[in-house]
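Colleague: Can you keep this structure in mind? I'll have questions shortly.
The values are calculated or read from the model by the stated rules, or taken from the named source; none is laboratory data. Just so you know, these numbers come straight off a predicted model, no measurement behind them. Cβ placement follows ideal geometry from the backbone for every residue including glycine, while neighbour counts extend to all protein chains displayed. Quick note on the areas: whole protein, heavy atoms, side chains included, nothing else; ligands and nucleic acids left out. Shrake-Rupley method; radii C 1.70, N 1.55, O 1.52, S 1.80 Å.
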Protein chains: 2
Amino acid sequence: MNIARRPRVGHIAFLNCLPIYWGLARTGALLDVDLHRAPPDELSRLLVAGDLDIGPITLVEYLRHSGDLLLIPDPAVAADGPVLSVNLVTKTPLAELPAAPRVSLASTSRTGVLLGRMLLEDRYGRKPSYTVTEPDIESALRDADAAVLIGDEALHVFHAHRTPEPGGLHVLDLAAEWKDWTGLPMVFAVWAVRREYAEAHPGIVKDVHLAFRDSVQRSREEIGEVVASAARWEPFPPAALAEYFERLQFGLGERHLAGLREFASRASRYADIAPLRADGPEFFETPGGIGGARIDPEPEIRL
Amino acid sequence: MNIARRPRVGHIAFLNCLPIYWGLARTGALLDVDLHRAPPDELSRLLVAGDLDIGPITLVEYLRHSGDLLLIPDPAVAADGPVLSVNLVTKTPLAELPAAPRVSLASTSRTGVLLGRMLLEDRYGRKPSYTVTEPDIESALRDADAAVLIGDEALHVFHAHRTPEPGGLHVLDLAAEWKDWTGLPMVFAVWAVRREYAEAHPGIVKDVHLAFRDSVQRSREEIGEVVASAARWEPFPPAALAEYFERLQFGLGERHLAGLREFASRASRYADIAPLRADGPEFFETPGGIGGARIDPEPEIRL
């Protein structure tokens, strides 16, 4: 009697992860997984708790729990420069931000808000006081000088204030600021497998990894269709969607790993995050060699 | 600015609905829906509460709320004879069941347990006392003479006791009994759309209906692959899966509607269910004519 069960896999049902889902919905790959669609913070929690086997986890939570997890090299959510949807929104130009500003942190964000703190404190030399607020612009700026926002709401604010207007809000792209500061890409989320699951079911993990990799590859090849599909439902015009998918990167190359390590090294100064192992992060590896370091010499996936 | 949102669609993540999901996972149709996978009782509740727009609903709950809902002719879950997974399990042969037996009703079942009550009381002439129990065979038979079980658990019990053994359990297929009694197929679940959603978004409902219809059609054409895919994960051998998918019917033809009406007419004697309208059930219809009665003269979908 067959005693297998489908792997429990997480999927972020947000616009920025549509290219990750694109191929999965066309190849039958979804028939072989028990897919859980949820917001990213819930998926992170489920993976850490062992209620998912494989799934996305925000970088900060991965760093907190890296002993229990192995990275899968695709997909990931990263950007090498502007990402458009992880923003510091200020009421004044950055130069006029008070020395001790009141800063709101979106409750749904873990990695974005820590990136914002690093930049505010270490790069812009401020001494902010922080409040966690609902992740919408009105709540976030009601009693604050600035706010870190992520996701679709941040993308809306970016488009609404892209052209500066007198008295308008100012939008600083935190992935662009990170690159300007460190020269490196910023990794916001990684996909990981629980260590004990990978040890028990390496073949399944390999299959899931390949399905994700093929899905992202296919979305890159069919980017016009991805944009048209998203434009049917999402409150952004096709040109904005195309620009967004162009900025997002869905795999981990060597430069992304350098960015991840740099973030990890700085993060331990801000939060209860142990430093990454010297040879970290640790990847899932199979005898077949598809895990671990990517094989192609220019491994970045650009849509 | 685009203000559309994807329709919120329910899917039963159970073995018997795999053929309904089969094509959806291969055509990209899932990209255009906000899919909620859950057990059937939860999906029924969400559709009735307005937290889903389109989805499966167990027949009994449809009959309770038919004023708010319009039927979509595919998919459905029905059987014209044995269904294998809706069973009355007895400790003795049926003829030896006491006149006032203690009968357990699986907590996850609505339509199956009402069908069981009808047969026990009106066909077999018993006066049972009922208890709702956990939907597993051990809990169900601990303090009872018989139990109504549904789904994968019922299918397991059917296979374990298919060949009668001395002292073994006796399994009565309630869909086969229904057909023997009425001459009609039994409809266990229908797919419905909320009336106000159908009025506001007929084009979307039509698209979702066609996606489901195509998905079931494809699973019929690729039944060997469906069985092989299910056999990879489900605790049943391929021959048992093939037999099960052969028994299940996934559309509503005229005979199924007659069976549905017959059940509705009897159900109102047992539960707080108003009689169906004389011209009911009411179907979603579009000007294009794909809603309502099916076009093909022999409308049963047999895998």
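Colleague: Out of A:G23, A:G67, A:G125, any idea which swings most in a Gaussian network model of chain A, alpha carbons joined below 10 Å?
Modeller: A:G125
Colleague: In terms of Cα to Cα distance under 26 Å, which lysines are near enough to A:K179, apart from those fewer than 8 places away along the same chain?
Modeller: A:K91, A:K127
Colleague: Taking H placed 1.01 Å from N in the peptide plane, check which residues at least 5 places from A:V132 or on another chain put their amide H under 5 Å from its amide H.
Modeller: Correct list: A:L105.
Colleague: Between chains B and A, what is the buried accessible area in Å², counting both sides, with a 1.4 Å probe and ligands, DNA and RNA left out, to the nearest 100?
Modeller: Working: alone 13350 and 13330 Å², together 24030 Å².
Chain pair B/A: roughly 2700 Å² of buried accessible area.
Colleague: Please report the equivalent ellipsoid semi-axes of segment B:86-182, computed as sqrt(5 x eigenvalue) of the Cα gyration tensor, largest first, in whole Å. Don't jump to the answer; show the numbers that get you there.
Modeller: Working: eigenvalues 55, 45, 42 Å².
Sorted largest first and rounded, they come to 17, 15, 14 Å.
Colleague: Sticking with this one: Taking a label point 7 Å out from Cα toward Cβ, give me the nm distances from A:W181 to the same spot in the other copies, shortest first, one decimal.
Modeller: 7.1
Colleague: What is the protein assembly as shown by shape, rounded, prolate or oblate, if you read a ≥ b ≥ c off the alpha carbon gyration tensor as root eigenvalues and call it rounded for a/c under 1.5, prolate for a/b larger than b/c, and oblate otherwise? Numbers along the way, then the final one.
Modeller: Values: a/c = 2.32, a/b = 1.89, b/c = 1.22.
Prolate, since a/c reaches 1.5 and a/b exceeds b/c.
Colleague: Tell me what the protein assembly as shown gives for mean residue ellipticity at 222 nm when only DSSP H runs of n ≥ 4 count, each as -39,500 (n - 2.57), the sum divided by the residue total, rounded to 500 deg cm²/dmol.
Modeller: Values: 26 runs with 237 residues, N = 606.
Computed ellipticity for the protein assembly as shown at 222 nm equals -11000 deg cm²/dmol.
Colleague: Which of A:E96, A:E121, A:E254 ends up with the largest GNM mean-square fluctuation for chain A, with Cα atoms connected below 10 Å?
Modeller: Largest GNM mean-square fluctuation: A:E96.
Colleague: List every residue whose amide H lies under 5 Å from the amide H of A:L35, counting only residues 5 or more places away in sequence or on a different chain, with H placed 1.01 Å from N in the peptide plane.
Modeller: HN-HN under 5 Å from A:L35: A:V9.
Colleague: Rank these residues by their accessible area, most exposed first, probe 1.4 Å: A:I3, B:I20. Numbers along the way, then the final one.
Modeller: On the way: A:I3 155, B:I20 0 Å².
So the residues, ranked largest to smallest area, are A:I3, B:I20.
Colleague: Moving to a separate point now. For A:E282, list long-range residues whose amide hydrogen, built 1.01 Å from N in the peptide plane, is under 5 Å from its own amide hydrogen.
Modeller: Result for A:E282 returns A:L71.
Colleague: Pop the C-beta distance of A:E96 and A:A4 into the FRET formula with R0 = 60 Å and round what comes out to the nearest 0.05. Show your work: numbers first, answer last.
Modeller: Values: r = 60 Å, r/R0 = 1.01.
About 0.50, to the nearest 0.05.
Colleague: Apply the Karplus parameterisation 6.51 cos²θ - 1.76 cosθ + 1.60, with θ equal to phi minus 60°, to every residue of segment A:214-229 and state each ³J(HN,Hα) to the nearest whole Hz, in sequence, with x for glycine and proline.
Modeller: Per-residue couplings from phi come out as 5, 5, 5, 4, 5, 5, 5, 6, 10, 4, x, 5, 4, 5, 5, 5 Hz.
Colleague: Also: Count, for each residue of B:27-35, the Cβ atoms from other chains sitting within 10 Å of its Cβ, then give me the mean as a whole number. List each step's numbers first, then the result.
Modeller: Numbers: counts 3, 8, 2, 6, 12, 4, 2, 3, 5.
Mean partner-chain Cβ count within 10 Å for B:27-35: 5.
Colleague: Of the residues A:G81, A:G55, A:G167, which exhibits the maximal mean-square fluctuation in a Gaussian network model of chain A defined by a 10 Å Cα contact cut-off?
Modeller: Answer for the Gaussian network model of chain A: A:G167.
Colleague: For segment B:86-182, build the charge dipole from Cβ charges (+1 Lys, Arg; -1 Asp, Glu) around the Cα centre, then report which of B:S139, B:G167, B:A106 sits farthest towards its positive end.
Modeller: B:A106
Colleague: Evaluate the distance, in nm, between pseudo-label points positioned 7 Å from the Cα of B:T163 and of B:D122 along their respective Cα→Cβ axes.
Modeller: 3.8 nm
Colleague: Follow-up question, since we're still on this one. Suppose all protein chains stay in the model; what accessible area per residue would a 1.4 Å probe give for segment A:86-182, in Å²? Let's see the in-between values first.
Modeller: On the way: 4340 Å² over 97 residues.
Using a 1.4 Å probe on heavy atoms only, each residue of segment A:86-182 averages 45 Å².
Colleague: While we're looking at this one, here's another question. I need the trypsin sites (Lys or Arg not before Pro) found in segment B:1-83, filtered to DSSP loop residues with at most 14 other beta carbons within 10 Å of theirs.
Modeller: Working: sites: B:R5, B:R8, B:R26, B:R37, B:R45, B:R64; in loops: B:R5.
Passing both the DSSP loop test and the Cβ count: B:R5.
Colleague: For segment B:7-110, what relative contact order do you get, as a whole percent, if you take Cα pairs closer than 8 Å and at least 6 residues apart? Spell out each step's value before the answer.
Modeller: On the way: 85 pairs, mean separation 29.6, N = 104.
Across segment B:7-110, relative contact order equals 28 percent.
Colleague: Follow-up. Let me check something: with ligands and nucleic acids excluded, how do B:D173, B:D180 order by accessible area (1.4 Å probe), largest to smallest?
Modeller: Result of the area sort, largest leading: B:D180, B:D173.
Colleague: In whole angstrom, how far apart do the alpha carbon centroids of segment B:1-64 and segment B:99-128 sit?
Modeller: 29 Å
Colleague: Then there is this: If the viscosity is 1.002 mPa s and the temperature 20 °C, what Stokes-Einstein diffusion coefficient in µm²/s follows for chain A when Rh is the Kirkwood radius over Cα pairs? Mind dumping the intermediate values first?
Modeller: Values: Rh = 19.7 Å.
Rounded, D is 109 µm²/s.
Colleague: What figure, in Å² to the nearest 10, do you get for the accessible area of A:E243 with a 1.4 Å probe and non-protein molecules left out?
Modeller: Accessible area of A:E243: about 50 Å².
Colleague: Where the accessible area of segment B:86-182 is counted over protein heavy atoms with a 1.4 Å probe, how much of it, in %, is carbon and sulfur? Display every interim value, and only then the final one.
Modeller: Details: 2170 of 4350 Å².
Summing carbon and sulfur atoms, their accessible area is 50 percent of the total for segment B:86-182.
Colleague: Short version: ³J(HN,Hα) in whole Hz for each residue of segment B:143-158, in order, from phi by Karplus 6.51 cos²θ - 1.76 cosθ + 1.60 (θ = phi - 60°), x for Gly and Pro, what are they?
Modeller: 10, 9, 8, 7, 8, 9, 10, 10, x, 4, 4, 5, 5, 4, 5, 4
Colleague: From the label point of A:G167, set 7 Å along Cα to the beta carbon, how far off in nm is each other copy's matching point, shortest first?
Modeller: Result, one decimal in nm: 8.9.
Colleague: Now, a different point. Just read off the accessible area of A:K206 with the full protein assembly in place, 1.4 Å probe, to the nearest 10 Å².
Modeller: Around 60 Å² of this residue is reachable by solvent.
Colleague: Right, another one. Taking only Cα atoms, what is the 0 to 90° angle, nearest 10, from helix B:238-247's long axis to the longest principal axis of chain B?
Modeller: That works out to roughly 70 degrees.
Colleague: Okay, moving on. Output wanted: per-residue J couplings in Hz (rounded whole) for segment A:15-31, from phi through Karplus 6.51 cos²θ - 1.76 cosθ + 1.60, θ = phi - 60°, x for Gly and Pro.
Modeller: For segment A:15-31, the Karplus-derived couplings read 3, 5, 9, 4, x, 6, 7, 3, x, 4, 7, 10, 10, x, 4, 5, 5 Hz, x marking Gly and Pro.
Colleague: Quick check: pseudo-label points 7 Å beyond the Cα along Cα→Cβ at A:R45 and A:D207, how many nm apart are they?
Modeller: Each label point is offset 7 Å from its Cα along the Cβ direction, giving 3.1 nm.
Colleague: May I ask you to report, in nm to one decimal and beginning with the shortest, the distances from A:G50 to the same position in the other copies, taking label points 7 Å along Cα-to-Cβ?
Modeller: With the label placed 7 Å along Cα→Cβ, A:G50 yields 4.2 nm.
Colleague: While we're on this one: Based on the Kirkwood radius over alpha-carbon pairs, what is the Stokes-Einstein translational diffusion coefficient of segment A:1-149 at 25 °C with 0.890 mPa s viscosity, in µm²/s? Kindly include the intermediate steps, with their values, before the conclusion.
Modeller: Working: Rh = 17.4 Å.
It comes out at roughly 141 µm²/s.
Colleague: Please work out how much accessible surface A:L276 shows to a 1.4 Å probe, ignoring ligands, DNA and RNA, in Å² rounded to 10.
Modeller: 40 Å²
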